[in-house]
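Shown next, in structure tokens, is the structure this report addresses.
The values are calculated or read from the model by the stated rules, or taken from the named source; none is laboratory data. Note that the structure is predicted; figures quoted are calculated from it, not measured. Note: ideal-geometry Cβ built from the backbone for every residue, glycine included; neighbour counts use all protein chains shown. Each accessible area value is taken on the protein alone, full model and side chains, heavy atoms only, with ligands, DNA and RNA left out. Shrake-Rupley method; radii C 1.70, N 1.55, O 1.52, S 1.80 Å.
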Amino acid sequence: MSISTLLQVEGLTVAYSKAEVVHGISFTVGSGEFVTLLGRNGAGKSTVLHALSGLIPKRSGRILLGEENLSNADPLRIVKAGIIQVLEGHRIFGNLSVEDNLLLGTIAKHPRGDREKLANIYDLFPELRERRLEPAAALSGGQQQILAVAQGVIGEPKLLILDEPSSGLAPLVIDSILSVIRQLVNRGVAILLVEQLVEKALHHADKVYVLDAGRIVGCGTPAEIYEQNTLRTAYLGAAQS
């Protein structure tokens with residue numbers, strides 16, 4: 001079964017001051033496709049995600065979501081178009097309740113918040129229902145990361161971008177988050193994941209891109225990536241050196 005292209009990135013170049021760190025890369029994410037971007041620390045993975053979300057400027061390149069050109073869009077327009085990023089770390093508002101944090105995830109499309117979306121989120125993340133009236137700061141680190149992911153999901157993205165969701169978490173929490181992400185894919189949400197846990201990323205992904213020094217050096221299914229020396233040299237080899 002063919003997958004229609006949702007996100008199309010063409011010739012994306014990003015620089016910090018005069019230093020170019022992403023060098024004209026191109027890639028796609030299909031509707032309902034789970035894509036992971038692998039590479040060692042400093043390869044440019046988070047820079048790519050931030051450029052897609054409009055959090056940092058691009059030097060050049062084109063970004064299309066469906067037929068909508070988001071190349072020069074600001075973050076609010078990008079979110080309204082259907083791209084939502086969950087940033088690395090527990091980026092939640094600790095002084096607000098769990099439920100208020102979730103409602104913040106709906107305000108781009110519903111300025112006063114959309115409480116009707118809460119029931120579905122609590123079905124996906126039942127541990128949040130139990131703590132919904134508590135301050136988010138009272139949650140454990142793993143629960144705060146689950147809340148951050150849920151805050152992205154409740155915005156009903158076409159493409160959900162996740163930057164290192166496993167960082168600092170226990171294995172059971174990581175598996176829980178990845179299981180929910182796979183459920184979203186089954187519902188037609190596209191996923192773009194940056195993850196340092198290579199085995200887990202490959203286990204869940206439909207397609208993999210390998211980034212090294214700001215360039216894509218490998219692309220394929222997880223099975224194909226296992227066979228490519230690019231993953232070993234660009235990621236595992238660097239980690240062992």
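Structural remarks
- Annotation: of all residues in the stretch 185-220 being in a helix (DSSP H, G or I) and open to solvent by 20 Å² or more (accessible area, probe 1.4 Å), the one that is nearest to Glu88 (Cα to Cα) is Lys200.
- Cβ-Cβ contacts under 6 Å between residues 6 or more apart (or on different chains), taken from a first residue in the stretch 132-145 that is open to solvent by 60 Å² or more (accessible area, probe 1.4 Å) to a second residue that is assigned to a loop (DSSP other than H, G, I, E, B), are listed as Ala137/Gly94.
- Any hit, the stretch 143-159, residues being within 16 Å of Ala43 (Cα to Cα) and modelled with pLDDT of 85 or more: no
- Check on Pro126, closer than 28 Å to Leu169 by Cα and either loosely packed, with under 15 Cβ neighbours inside 10 Å or among the aromatic types (Phe, Trp, Tyr) (or both): yes
- The stretch 182-222, subset modelled with pLDDT under 90 and among the aliphatic types (A, V, I, L, M), residue nearest to Lys158 (Cα to Cα): Ala201
- Cβ-Cβ distances below 8 Å connect the following pairs, each with a first residue in the stretch 215-227 that is of a type in the set (Ser, Thr, Tyr), a second residue that is part of a helix (DSSP H, G or I), and a separation of six or more residues or different chains: Tyr226/Leu202.
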